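What follows is a set of notes on a single structure, which appears directly below.
The values are calculated or read from the model by the stated rules, or taken from the named source; none is laboratory data. All of these numbers come straight from a predicted model, not from anything done at the bench. A quick note on method: Cβ atoms are made from the backbone with ideal geometry, for glycine too, and the neighbour counts reach across all protein chains shown.
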Amino acid sequence: MAVSKPKELIVVGWMERVGLPKLGLPDIAAKIDTGARTSALHADRIEPFERDGQPWVRFRVRHARAKIGATLEHPIHDTRDIKNTSGVPETRYVIRTDLLIAGHTWRIDLSLTDRSNMRSAMIVGRTALNAHNVAVHTRRTRLKTDPNLAPRRRGKAVQ
């Protein structure tokens, strides 16, 4: 019987800068949150529509370094009732796209919701982490973030 080699353990901080390359978003502030099941991206002006008989969603996002929002369109993968940070269920559109974190890329389900009152534009939930051998260091941030992407205050990188 052949023994399979375990996947490399990827250790990330509880805050990282991540990318969603298929959406054209290379630099997003994200909280790595194992308490959240589904990943979520801040979006507004969320509206469903049909394209060639298939369900799609149009939404606006603000890129971390942009002053204006970009309107994106993507096929809807699912519609789910997801509890918000207050524990209240809300129906959200879920898209399937690629996540880039720590130099690795894989497909995730991503719900769209208004996170304008939250500190980070994105939550990376445990479902996105489970199958890829990712561990979260609860006392460190930006372990895998390119230093050129890390926000700066008074000339120093924010830790």
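Here are a few things to note about the model shown:
- In the set (1) under 28 Å from LYS144 (Cα atoms); (2) part of a strand (DSSP E or B), the condition left unmet by MET118 is number (2).
- When the strands (runs of 3 or more DSSP E) confined to the stretch 1-112 are screened for residues that are among the polar types (S, T, N, Q) and at pLDDT 95 or above, those reaching at least 1 such residues are found at 39-42, 54-62, 78-83, 89-101.
- Qualifying positions in the stretch 17-61 - among the polar types (S, T, N, Q) and either in contact with a Ser or Thr (Cβ under 6 Å, 6 or more places away or on another chain) or on the phi > 0 side of the Ramachandran plot (or both): THR38
- One residue alone among SER111, SER86, SER116 is surrounded by 15 or more Cβ atoms within 10 Å (Cβ to Cβ) and either within 15 Å of the chain's Cα centre (by Cα) or free of Cβ contacts under 8 Å to residues at least 60 places away in the same chain (or both), and that residue is SER111.
- Residue within the stretch 138-158 that is basic (Lys, Arg), surrounded by 13 or more Cβ atoms within 10 Å (Cβ to Cβ), modelled with pLDDT under 90 and farther than 20 Å from GLY35 by Cα present: yes
- Qualifying residue in the stretch 21-30 (condition: free of Cβ contacts under 8 Å to residues at least 40 places away in the same chain, surrounded by fewer than 19 Cβ atoms within 10 Å (Cβ to Cβ) and farther than 14 Å from SER111 by Cβ): no
- When residues in the stretch 132-147 are screened for being part of a strand (DSSP E or B) and at positive phi, 0 of them pass.
- Considering (1) out of contact with any helix residue (DSSP H, G or I) (no Cβ under 6 Å at 6 or more places or on another chain); (2) part of a strand (DSSP E or B), the lone condition that LEU129 does not fulfil carries the number (2).
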